[in-house]
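Asks: Handing you a structure now.
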Amino acid sequence: MKQVKASAPGNLFFAGEHAVVYNYPAIVTSIGKRTFVTASSREDIIVEIESSAFGIATAKNRNGQLIERSMEKKELNSVMDLCEKVIQDFKISDGFSLKIESEIPVESGMSSSTAVLCASFCAITELFGQHVKPEKYFDSLYPLQVKIHGGKASGAEIYSSSVGGFNRIQKVEENGKVVQKVKSLGKQEFSVVIGNTKVRGPTALVVGVHHPSIIKRFPELVRDSWKKIEKIVKSMQSAIKKGDVVKVGKLMTANQKVLSKIMLSHPKLDDCITEALKAGALGAKLSGGGWGGVMFALVRKEDEDKVAKAIESTGSEAIITEIGGEGVRVEE
Ligand code: MEV
């Protein structure tokens, strides 16, 4: 039996989530928490997925279609869709097994589903002797991300999870094709403390239902918010270049205020953000889809523990992790 184990990181948005879906820029970083996927060959046509979070799913690979799908949790359908896409794109006629283990809490705003897609794509393609450059993962995974995010997505997280690093990312449409315009912002030594509210953030509902509803009812407010976020991203980029960590923190908090005005925060996120700022964080904001999930605080190294305790005082989980690390990789 042949086996390949691959992994991909989760992400945090320093600025620009939501607006990034509408072609505005965002600043995104990979984090030290990863999802691990082991792909194993099989001698039949069964595709079996075993996930530590969502149980087991099976299907049969019949001429490139994954038929007779059966799964414990519907969340595994997107991984099945990914398997079917890889089977079709790479003309795979055999079955295979996938084992998914993750350090990233699900629906937390740390791109858990993107990390699963990237690590699974890597493990399956490498198992069948195909090497795809991380920069090319976007082309295969973007349509799946659109489906997962409720009909619209930026794809910024796919770039960040596959290539890694600390980047400014903007979705642009060129000749009818969606591509990512990326600028690496270099290696950053920022210390961050993540606060996981443990409230599951429903990104598909936020992007697929809440966005259209506010765009319809408050078009000017939403346009104004995206414009403000665009300015924040621009100022943050130059603050990062100058190494002005205090300014980066202030801009994070300013971004949070804009998101809050268009109802993308959550009382528990606000609670964590307030406590983190009171404990000396340089800035704090939600990350990702909002309505739950995580916030994170930018801190001076010496304040890490104090801010972590402040976040924990709200009943949330504090996570200290490095940022800007490696993207997708095959594990030894
Ligand atoms: C979700 O984690 C981040 C959003 O900006 C959606 C996206 O970028 O596709 C809300």
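Asks: Answer yes or no as to whether Gln188 is polar (S, T, N, Q), surrounded by fewer than 24 Cβ atoms within 10 Å (Cβ to Cβ) and not in a loop (DSSP other than H, G, I, E, B).
Replies: no
Asks: Right, another one. Considering only residues that are within 15 Å of Asn23 (Cβ to Cβ) and either crowded, with 22+ Cβ neighbours inside 10 Å or more than 16 Å from the ligand (Cβ to nearest atom) (or both), which ones fall in region 150-174?
Replies: Quick first cut of region 150-174, residues within 15 Å of Asn23 (Cβ to Cβ) only: 152-156, 159, 168-174.
Listed by number, the residues that qualify are Ala153, Ser154, Gly155, Ala156, Tyr159, Arg168, Ile169, Lys171, Glu174.
Asks: Can you confirm whether Pro143 is modelled with pLDDT of 95 or more, surrounded by fewer than 21 Cβ atoms within 10 Å (Cβ to Cβ) and within 13 Å of the ligand (Cβ to nearest atom)? Write out each step before concluding.
Replies: Numbers: modelled with pLDDT of 95 or more: yes; surrounded by fewer than 21 Cβ atoms within 10 Å (Cβ to Cβ): yes; within 13 Å of the ligand (Cβ to nearest atom): yes.
Against the criterion (modelled with pLDDT of 95 or more, surrounded by fewer than 21 Cβ atoms within 10 Å (Cβ to Cβ) and within 13 Å of the ligand (Cβ to nearest atom)), Pro143 qualifies.
Asks: Scan region 196-207 and tell me whether some residue there is over 19 Å from the mean Cα position of the chain (by Cα) and among the β-branched types (Val, Ile, Thr).
Replies: Start the filter on region 196-207 by keeping residues that are over 19 Å from the mean Cα position of the chain (by Cα), which leaves none.
Within region 196-207, not a single residue is over 19 Å from the mean Cα position of the chain (by Cα) and among the β-branched types (Val, Ile, Thr).
Asks: Return the only residue of Val222, Val307 being within 16 Å of the ligand (Cβ to nearest atom), over 21 Å from the mean Cα position of the chain (by Cα), of a type in the set (A, V, I, L, M, F, W, C) and outside any strand (DSSP E or B). Even if it seems obvious, please write down each step before you answer.
Replies: Details: Val307 fails: within 16 Å of the ligand (Cβ to nearest atom).
Just a single option satisfies the conditions, and that option is Val222.
Asks: From Gly32, Gly10, Gly16, which residue is away from the ligand (no atom under 13 Å from the Cβ), surrounded by 15 or more Cβ atoms within 10 Å (Cβ to Cβ), assigned by TED's automatic domain parsing to the domain that holds Ala123 and within 24 Å of Gly109 (Cα to Cα)?
Replies: Details: Gly10 fails: away from the ligand (no atom under 13 Å from the Cβ); Gly16 fails: away from the ligand (no atom under 13 Å from the Cβ).
So the residue among Gly32, Gly10, Gly16 that is away from the ligand (no atom under 13 Å from the Cβ), surrounded by 15 or more Cβ atoms within 10 Å (Cβ to Cβ), assigned by TED's automatic domain parsing to the domain that holds Ala123 and within 24 Å of Gly109 (Cα to Cα) is Gly32.
Asks: I would also like to ask the following. Just to be sure I understand the filter: pairs with C-beta atoms under 7 Å, separated by 6 or more residues or on different chains, first member in region 245-259 and touching a residue at least 60 places away in the same chain (Cβ under 8 Å), second member surrounded by fewer than 21 Cβ atoms within 10 Å (Cβ to Cβ) and among the hydroxyl-bearing types (Ser, Thr, Tyr). Which pairs pass?
Replies: Leu251/Ser235; Leu259/Ser265
The values are calculated or read from the model by the stated rules, or taken from the named source; none is laboratory data. Treat the numbers as computed from the prediction; the structure is a model and nothing was measured. Note that each Cβ is placed from the backbone with ideal geometry, even for glycine, and that neighbours are counted across all protein chains shown.
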